[in-house]
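Student: Before I ask anything, let me first share the structure, which is written out below as structure tokens.
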Amino acid sequence: MINQDIIFIKKLKIETYLGIYDWEQTKKQSIMLDIKIGIDNKAAKTNNLNDTINYQSVYNKLVEFITSGKFQLIETLAEQVAYLLFENFPTNYVKIKITKPFALKNALVGITLKRTRY
């Protein structure tokens, strides 16, 4: 990752079905995402949106995918989000943090996943 910059989306709240219990597959829950995406910062020189990754496009893809799916494991969801980003945006690095705020009383649980594509 030499000379690679990071764009990010933090604290993205999305409602989805996530969990191993039957009730978790019938009632949507809030999850929180922090996404970091490596970019070749060509846009810093050109000042052209076409030379970077559009935050709105990332947001739209994430919301569409996550709200329309049902997931049992947070690990699976994180892996699928990484795949979604690699398939739809020109990046070789993603870091995804997904938090499930109401899984445990008085605690946050989640996963942080880093993936590099060569």
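Student: Please specify each residue of region 33-52 satisfying the condition of being in contact with a helix residue (DSSP H, G or I) (Cβ under 6 Å, 6 or more places away or on another chain) and over 22 Å from F65 (Cα atoms).
Tutor: K42, A43, D51
Student: May I pose another question? Out of curiosity, is T16 over 20 Å from F89 (Cα atoms), more than 12 Å from the chain's Cα centre (by Cα), of a type in the set (S, T, N, Q) and surrounded by fewer than 11 Cβ atoms within 10 Å (Cβ to Cβ)?
Tutor: It is false that T16 is over 20 Å from F89 (Cα atoms), more than 12 Å from the chain's Cα centre (by Cα), of a type in the set (S, T, N, Q) and surrounded by fewer than 11 Cβ atoms within 10 Å (Cβ to Cβ).
Student: Look at A44 and say whether it is assigned to a helix (DSSP H, G or I) and modelled with pLDDT under 95.
Tutor: When the stated conditions are applied, A44 passes them.
Student: For region 12-25, which positions are at pLDDT 95 or above and over 19 Å from A82 (Cβ atoms)?
Tutor: K13, E15, Y17, listed by residue number.
Student: Using the structure shown, decide if A43 is surrounded by 14 or more Cβ atoms within 10 Å (Cβ to Cβ), touching a Leu at 6+ places or on another chain (Cβ under 9 Å) and over 20 Å from K100 (Cα atoms).
Tutor: yes
Student: Inside region 74-118, can you point out the residues that are among the basic types (K, R), over 10 Å from the mean Cα position of the chain (by Cα) and in a strand (DSSP E or B)?
Tutor: Passing the criteria: K100, K114, R115.
The values are calculated or read from the model by the stated rules, or taken from the named source; none is laboratory data. These figures come from a predicted structure and were not determined experimentally. No Cβ is skipped: glycine too gets one built from the backbone with ideal geometry, and neighbour counts run over all protein chains shown.
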